[in-house]
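Worksheet: one structure, shown below.
The values are calculated or read from the model by the stated rules, or taken from the named source; none is laboratory data. This one's a predicted model, so the numbers in the text were calculated from it and none came from an experiment. Don't worry about glycine lacking a Cβ; one is built from the backbone with ideal geometry, like all the others, and counts go over all protein chains shown.
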Amino acid sequence: MMLPPTLLLALLAAPASPSPKPAPKPAPEASPARAGQLANVRIDIKLTDRRGTAEPAVRQVSMIVADRKNGMIRATDGPTSALAMPEGVGAAIALNVDANPVIEDGRIRLQLSLEYKVQDEAAGGKSFPVRGMRQNINVVAESGRPLEVADSSDPLGDRRVAIEVTATIVK
């Protein structure tokens with residue numbers, strides 16, 4: 001049987017019947033991000049810079065940060081770029097700290113990043129070289145209990161830098 005040409009053209013021009021769509025897959029349940037507790041964490045950092053038998057230089061930084069939030073301290077002195085640096089002047093010195101505490105079961109999971117740069121006056125001359133260190137540390141701390149998280153030595157001399165952290169839950 002032959003179809004009339006107009007009917008044949010109409011059938012060819014008609015959209016194909018939609019094929020049944022597969023049932024949508026249920027999305028996997030993502031664990032919701034826990035909101036921080038309504039509590040603060042006081043973070044005290046004691047940095048001890050020792051050189052040989054000389055009296056150690058002690059630097060202290062404190063901050064209060066809400067649970068599951070970020071805290072940041074920037075302390076610099078001197079030029080911030082090589083372009084701004086006058087001749088005979090050393091690079092910028094700095095003590096920078098970033099902290100992110102998380103309170104879990106009465107303890108504190110602490111992510112801590114620290115950058116410490118000082119001019120080495122023992123080298124003599126007009127321009128003192130800069131000695132620096134960076135630390136990125138993740139620890140679990142007991143509230144109010146000091147914890148030595150790092151003790152590193154300078155690769156060129158007898159200098160040692162120790163970092164002690166005390167994280168305390170403040171309600």
Query - Of all residues in the range 118-168 being among the acidic types (Asp, Glu), outside any loop (DSSP other than H, G, I, E, B) and more than 20 Å from residue 107 (Cβ to Cβ), the one that is modelled with the lowest pLDDT - result: 121
Requested in this report: Show the residue pairs that are 6+ apart or on different chains and have beta-carbon atoms under 7 Å apart, the first residue being within the range 48-70 and within 20 Å of residue 97 (Cα to Cα), the second being assigned to a loop (DSSP other than H, G, I, E, B) and among the aliphatic types (A, V, I, L, M).
Outcome: 67/39
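Does residue 62 satisfy the condition of being more than 19 Å from residue 170 (Cα to Cα), at pLDDT 95 or above, part of a strand (DSSP E or B) and polar (S, T, N, Q)? Break it down into steps so the answer makes sense when it comes.
Details: more than 19 Å from residue 170 (Cα to Cα): no; at pLDDT 95 or above: yes; part of a strand (DSSP E or B): yes; polar (S, T, N, Q): yes.
Spelling it out, it is not the case that residue 62 is more than 19 Å from residue 170 (Cα to Cα), at pLDDT 95 or above, part of a strand (DSSP E or B) and polar (S, T, N, Q).
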